[in-house]
Structures are given as structure tokens and as C-alpha cells.
Amino acid sequence: MKVLKFGGTSVGSAERMKGVNQLINTEELKIQKRIIVLSAMSGTTNTLVQISEQLYAKNYPQAALIITEMELKYRKTIGELYKKDESKEKASNLLDAQFGHIRSLAKERERFSNLKERILLAKGEQLSTAMFQLFLEENGVESVLLDALEFMRIDENSEPEMDFIEEQLKIELEKYPDNLLFITQGYICKNSFGEIDNLKRGGSDYSASLIGAAVNAEEIQIWTDIDGMHNNDPRIVDKTMPVAQLSFDEAAELAYFGAKILHPSTITPAKAKNIPVRLLNTMAPHLKGTVITKDAADTNIKAVAAKDNITMINIRSTRMLLAYGFLRKVFEIFEKYKTSIDMVTTSEVCVSVTIDNIANLEQIINELEEFSSIEVNKNMSIVCVVGDLISERVGYAEEIFSSLSTVSIKMISYGGSKNNVSMLIDTQDKKAALQGLNKGLFKL
Ligand code: ASP
Ligand code: MG
């Protein structure tokens, strides 16, 4: 079994959907069992978020306008996607039903709610998969549409329930023992209350990996609009190149620390079952992309990434210099407020940590101030250098820091894993840092 996931731009138009049909039905793939996971058409989830915002703000005419524009786009797409009148009619009925439902969620008389928002956000994937499956049907390609809401579930901490997913998916697949091609929605799931929920923005990658792990797939392919994971952020530096191979740990660090190509949790399920993840480009399917496997192919610096909106908290101990239990007290406060820490450095009298979720910053600071003095710096970025940085190999530090000679570095972290060196800088220095590293480490 293979799992192939196609992102928003890969299904972003009638033309692109036709392309996906070709990619999943090559001579080689045609004879294999495969599950295709689709995102919403590009722009759709953003539009659904906008509609929700308007509804929360009680801007009903504006919400209605956005819904109408969105529907027009979909009407245009189905006009281009299908040839036969029969398919056009089926697709039109599908849009009637789905947009009817969207309008019912947007009713002026009824208060908009978080649950309604989540039901609305699921529409993108429900539309793209149904439209695509209808397209396959029109073209005589046999396939089964699996409803992700039947098997994808998260618990009360928003963590996927792997056992449930595995069992339910097995039941669903066993209903069609002879079928080779399955289509399903990324991103959407149910929660522990049985309500519609989702795996957070960009979550279709995560869906694909969870599905891959659940069925013990031989490979998980993530198809996007770029030829793999790049060595640096293409939006910021001029020249970047795809990295041919990464280990699970390297890829996980890069995804977590800012590489936009992958949802940060994608690697975890694949790694647990040792399933290779291949990142491929829909626009250039012949290119090799990036393959992510258990071991790194070579010991080297592979890539850099940056994560913004980081807040640094400097905690200076007032009473208990170096006392044991101090770190526990500090970390317990972050745990209490469900705030995860990215970087930590310590000195004789201070601990500095970084966080990206500042929803509970005020309470955290209040509690920390009971036994320490606090300084907070916002608008920072973590720059992360990733590779197989085995400590026996000398010279990495010099290469990294000489590349950053013009940048003021606020924190440095290395040694937690042999895969990354992280540095905290002011976001305004990010461009200089990434460009410097591109020149110094990759000679680009
Ligand atoms: N459609 C969702 C989003 O835009 C999930 C995804 O595409 O991965 O965030
Ligand atoms: Mg994505």
C-alpha cells in the first residue's frame, strides 16, 4: 500500500486535478493498492476562515458575499473538469448540497459557534475529494471515496488516536477487498466528543502520515508545488536547492523550525513505523525531490530554517541561586499553561527559554515573578541549522558562526540532539542570517 497526498495547489484547478489523475495512475502505480489524500483546493481553507471571521463579527452580508464568490469559483471549476452532462449534473448537485449547508451555517438568526466554524472548515476537503472522485468515475477509473470522519479521530488533547485510526481504517478498507484506489480527505477528523474537528492548518500532511502508519504503507508521498525540502527558505534567499535525502530526525527539526513544506507533526507517525516519506513536485514529477528515511545518507549540514514569532523569557533567580528544584519549578509553570518551550539555555543565575505560543504569557510571567525576575523579548526568530552534526567532526561551529558574523545572536543551543544547532536572533536580522548561512555553509 502507498499513500499519496496532494496539497492545495496540486488540486487547485480543473487542470491540476486532471494532472493528479495521471500521477496516481501511472503504469507502475495502477496495479498497486493506494490511498490518495487530498487537501482543499488552494485558497479554499483561507476563504472558509474569512467567512468564519465575518460570521463571528456578525457581518452577515459580507459573509454571504464571500460564499457567493466561492461558489462561483467552484461552479467554474466543475464546468471545466467534466465532459459529460451526467457528471456535470452530479457535480452541480454536490455544490447545491454543500453550499446549501454552508449558507445554513451562516444564518443570521443563529449564533455562530466554534463547532459551526469547524464544520465549515471541513468543507474544502469534502468538496475537493468528492469532485475528484466524480472525475475518476467519469473517466472510468474505479475508486472508493473513504470518509475521513469515519476513521480519523483525535483525543481530548488533540492528539491522534492511533489505535482507533488503525482499527477503523482497517474496517473501512476491508469493505472493498478488491478495490485498489481509495480517495480520502486530509485535515479533517472527529474529536473525542464525536464532533467534526481538524488537525490544524496544513494538517493534510499529517493525515497522510497517520494513514500511512495505520496501514503500514510501504511509502508516503507528499506531492506539493516545490521539488522537495530545500536547503534554505526560498522566500528569503535568492538561491536554494532541494536536499536529496534527510533522516526522520532532521526532517522533523526542519518542519518544526519553519520549513513550510511539511506540517510539523508529519514525521512522527512515519518514523514510528519506519516508513519512508517522499516529497515530490506535482509540476515536475520527474524530479527526485526529497526522501526522508531512518538514517541520514551522509554526515553533513543539510539545511537551515527559521521560525518567527518567538518570545524569549529570561528568568533570573532571586533567591535560590543554583538550588536544585529551580528548573522544575520553572518548567512546571509552563506545563500548567500548556505552553511548550523550544529552546533553553542556562547560566549560573539565569535560565532563558523561548516559546511561540504567548496565549498565557501574562499568567506565566506572574507565576515566575514569585521567585525570579523576568525579562521578556518579543519579535525574535530561531534560526536552526540541521544535519548530521556528529560532535566528533570538528569545524561546524566555526563554519556556522563565521557565516553569522554580522548578526547579533541572543541564545545558542546545541547538543540536545546531534541534528541541530539553534540560534535565537532578532527577526529583523533573519534575512542577513539566512543569507550568510547560505553563502558560508552551502556556497550559494
Ligand atoms: N486545507 C487545509 C489548510 O489549508 C489543510 C491542508 O491543506 O493541509 O490548512
Ligand atoms: Mg501544506
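Looking only at residues in segment 374-416 that are touching a residue at least 60 places away in the same chain (Cβ under 8 Å) and assigned to a loop (DSSP other than H, G, I, E, B), which one is surrounded by the most Cβ atoms within 10 Å (Cβ to Cβ)?
Per the stated criteria, the residue is Leu389.
In segment 336-371, what count of residues is obtained for those that are surrounded by 14 or more Cβ atoms within 10 Å (Cβ to Cβ), assigned to a helix (DSSP H, G or I) and out of contact with any helix residue (DSSP H, G or I) (no Cβ under 9 Å at 6 or more places or on another chain)?
Number satisfying all stated conditions: 2.
Among the residues of segment 277-286, is any under 22 Å from Lys443 (Cβ atoms), within 16 Å of ligand 2 (Cβ to nearest atom) and not in a loop (DSSP other than H, G, I, E, B)? First the steps, then the outcome.
Initial filter on segment 277-286 (under 22 Å from Lys443 (Cβ atoms)): none.
Checked against the condition, which is being under 22 Å from Lys443 (Cβ atoms), within 16 Å of ligand 2 (Cβ to nearest atom) and not in a loop (DSSP other than H, G, I, E, B), segment 277-286 yields no hits at all.
Every residue, every condition in (1) away from ligand 2 (no atom under 16 Å from the Cβ); (2) part of a helix (DSSP H, G or I), yes or no:
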site	(1), (2)
Lys116	yes, yes
Gly124	no, yes
Ala130	yes, yes
Gln133	yes, yes
Glu137	yes, yes
Gly140	yes, no
Asp163	yes, yes
Leu169	yes, yes
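Name every residue in segment 194-214 that is touching a helix residue (DSSP H, G or I) at 6+ places or on another chain (Cβ under 9 Å), assigned to a loop (DSSP other than H, G, I, E, B) and away from ligand 2 (no atom under 16 Å from the Cβ), in order of residue number.
Once the filter is applied, which keeps residues that are touching a helix residue (DSSP H, G or I) at 6+ places or on another chain (Cβ under 9 Å), assigned to a loop (DSSP other than H, G, I, E, B) and away from ligand 2 (no atom under 16 Å from the Cβ), segment 194-214 yields only Glu195.
Would it be correct to say that Pro264 is assigned to a helix (DSSP H, G or I) and either of a type outside the set (Phe, Trp, Tyr) or within 16 Å of ligand 1 (Cβ to nearest atom) (or both)? Talk me through it step by step, then tell me what you get.
Values: assigned to a helix (DSSP H, G or I): no; either of a type outside the set (Phe, Trp, Tyr) or within 16 Å of ligand 1 (Cβ to nearest atom) (or both): yes.
When the stated conditions are applied, Pro264 does not pass them.
Would you confirm, using the coordinates I've provided, whether Ala252 is in contact with a Pro (Cβ under 8 Å, 6 or more places away or on another chain), more than 15 Å from ligand 2 (Cβ to nearest atom) and among the small types (Gly, Ala, Ser)? Please lay out each step first, then the result.
Details: in contact with a Pro (Cβ under 8 Å, 6 or more places away or on another chain): yes; more than 15 Å from ligand 2 (Cβ to nearest atom): yes; among the small types (Gly, Ala, Ser): yes.
Taking the combined requirement at face value, the residue satisfies it.
If I filter segment 40-53 for residues that are within 15 Å of ligand 1 (Cβ to nearest atom), among the aliphatic types (A, V, I, L, M) and touching a strand residue (DSSP E or B) at 6+ places or on another chain (Cβ under 8 Å), do I get at least one hit?
No, segment 40-53 has no match at all.
Does at least one position in segment 167-181 carry a residue that is surrounded by 23 or more Cβ atoms within 10 Å (Cβ to Cβ) and over 12 Å from Ile35 (Cα atoms)?
no
Restricting to segment 171-189, name every residue that is away from ligand 1 (no atom under 16 Å from the Cβ), touching a helix residue (DSSP H, G or I) at 6+ places or on another chain (Cβ under 9 Å) and outside any helix (DSSP H, G or I). Outline the logic, then answer.
The initial filter retains those residues of segment 171-189 that are away from ligand 1 (no atom under 16 Å from the Cβ), namely 171-182.
If we keep only those that are touching a helix residue (DSSP H, G or I) at 6+ places or on another chain (Cβ under 9 Å) as well, we get 171-172, 179-182.
Once the filter is applied, which keeps residues that are away from ligand 1 (no atom under 16 Å from the Cβ), touching a helix residue (DSSP H, G or I) at 6+ places or on another chain (Cβ under 9 Å) and outside any helix (DSSP H, G or I), segment 171-189 yields Asn179, Leu180, Leu181, Phe182.
Read-outs: derived from the displayed coordinates by stated rules, not from any lab. From a predicted model like this one, the values you see are computed outputs, not experimental measurements. So basically every Cβ, Gly included, is an ideal-geometry build from the backbone, and we count neighbours across all protein chains shown.
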